[in-house]
Amino acid sequence: RHLYPGGAARLHMLRKELGDDAFFAGVRTSLKRVAHKVVETAVFRHCRVEASGRSLGRWFDQWIRSKGFPKLKVAYAWDGKQSQATFTIEQTQLDEKEEVPVFRMPLDIGWTIDGVPHVRTVELERAKHVVVVPMAKAPDAVRIDPLGRAVIKLELNPGETLLRRQLVEAPDVTGRILAGNELCKTGRRKNIEAVRDAYRNEAFWGVRVRFAEALAGAETQAAVEALAALIADEQDGLVLEPLLRQAAKLRAPEIRRAVEARLDDGIGLYRATQAAYEVLGAQRDEAPYGLLAEAAGVDDRYGFEQSGAFRALAGTRRGEALDVLLD
């Protein structure tokens with residue numbers, strides 16, 4: 001998303017690289033210079049050059065004018081005899097058909113020992129780097145870009161023990177989300193249940209949404225059971241709708257029963273009710289056709305619930321649904 005979310009992420013990255021003093025001095029200069037005028041990238045850049053004393057040519061070429069962004073696959077290994085950690089960092093966007101180039105950028109490697117965080121910055125200049133970091137002892141946590149300075153897509157699995165600890169102890173939402181993603185990729189019941197439990201204890205709704213996405217992507221029986229349990233419990237409207245939409249990717253009796261129970265109790269949220277009908281429609285032959293057909297005939301104030309029932313009928317792929325939809 002290179003417009004609003006992508007632009008905001010890149011501005012944040014530039015701010016972290018320049019520091020607040022230079023970044024906001026450039027902001028003030030550009031606001032004065034282009035007030036009531038069209039703003040162009042060249043002017044935007046020049047104001048930041050004046051404030052920071054840096055040319056920023058390569059930065060704008062990479063992050064604004066070029067396509068894509070770095071996708072990093074990082075392998076971690078601990079050597080207890082040498083008391084050192086090895087990080088193998090690869091830029092995997094080079095394998096894509098879009099011909100995204102190698103990015104040259106600073107990248108933070110973070111680790112925590114006895115509750116004390118440490119950060120070392122390395123310069124990425126090639127497609128692959130091997131970085132050896134001496135440490136006093138085995139770290140309690142290992143992170144890449146722990147401060148969220150870089151626009152990257154990250155794959156890092158430092159081991160399930162460290163990931164389960166990061167899942168609940170990471171102070172930032174990104175760290176908890178990344179841990180949940182990697183644990184769900186393993187498909188192991190122990191890890192799936194750890195993500196389910198972390199979901200229940202997570203205060204921020206946005207992280208719960210991403211945990212639901214990771215659980216649906218696991219496509220295991222343990223993930224089905226976890227999603228069904230969470231559907232039964234979730235009360236936050238910001239989460240329930242996306243949780244249900246993730247559950248719609250799976251066909252399982254546990255999911256169907258959990259959704260039917262919520263509808264029987266009355267969800268009370270029209271977007272979530274819409275999604276609930278669509279989950280049931282996605283169950284195909286096991287969908288409660290009568291319930292969906294009845295809901296399709298009921299007008300609601302904003303039309304969300306009825307449209308969900310229409311989509312659900314289509315999702316069943318049943319011939320008799322066609323007549324209802326045509327009517």
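The values are calculated or read from the model by the stated rules, or taken from the named source; none is laboratory data. Values in this document were obtained by computation on a predicted structure and should not be read as measured data. Cβ coordinates were reconstructed from backbone atoms using ideal geometry, including for glycine residues, and neighbour counts include every protein chain displayed. For the accessible areas, the whole protein counts, side chains as well, though only heavy atoms, and no ligand, DNA or RNA atoms are used. Shrake-Rupley method; radii C 1.70, N 1.55, O 1.52, S 1.80 Å.
General observations
- Considering (1) free of Cβ contacts under 8 Å to residues at least 24 places away in the same chain; (2) of a type outside the set (Val, Ile, Thr); (3) within 30 Å of Lys190 (Cα to Cα), the lone condition that Asp114 does not fulfil carries the number (1).
- Criterion: open to solvent by less than 20 Å² (accessible area, probe 1.4 Å) and either part of a strand (DSSP E or B) or farther than 25 Å from Arg200 by Cβ (or both) - qualifying residue of Val119, Val131: Val131
- Looking only at residues in the stretch 67-116 that are under 17 Å from His129 (Cα atoms) and among the charged types (D, E, K, R), the one that is least open to solvent (accessible area, probe 1.4 Å) is Asp108.
- Summed over the stretch 302-327, the residues that are farther than 20 Å from Arg262 by Cβ and either outside any helix (DSSP H, G or I) or open to solvent by less than 10 Å² (accessible area, probe 1.4 Å) (or both) give a count of 5.
- Residue among Arg33, Arg65 that is of a type in the set (Lys, Arg) and farther than 15 Å from Val151 by Cα: Arg33
- Annotation note: of Ala127, Ala141, the sole residue that is touching a helix residue (DSSP H, G or I) at 6+ places or on another chain (Cβ under 8 Å), under 20 Å from Leu163 (Cβ atoms) and small (Gly, Ala, Ser) is Ala141.
- Failed condition for Gly175, given (1) assigned to a helix (DSSP H, G or I); (2) in contact with a strand residue (DSSP E or B) (Cβ under 8 Å, 6 or more places away or on another chain); (3) open to solvent by 30 Å² or more (accessible area, probe 1.4 Å): (3)
- The condition of being open to solvent by 40 Å² or more (accessible area, probe 1.4 Å), in contact (Cβ under 8 Å) with a residue 24 or more places away in the chain, assigned to a helix (DSSP H, G or I) and under 28 Å from Met105 (Cα atoms) holds for Arg210.
- Within the stretch 89-102, the set of residues being touching a Phe, Trp or Tyr at 6+ places or on another chain (Cβ under 8 Å) and at pLDDT 95 or above comprises Gln91 only.
- Each residue in the stretch 23-64 was checked for being within 33 Å of the chain's Cα centre (by Cα), in contact (Cβ under 8 Å) with a residue 12 or more places away in the chain and open to solvent by 100 Å² or more (accessible area, probe 1.4 Å), and 1 pass.
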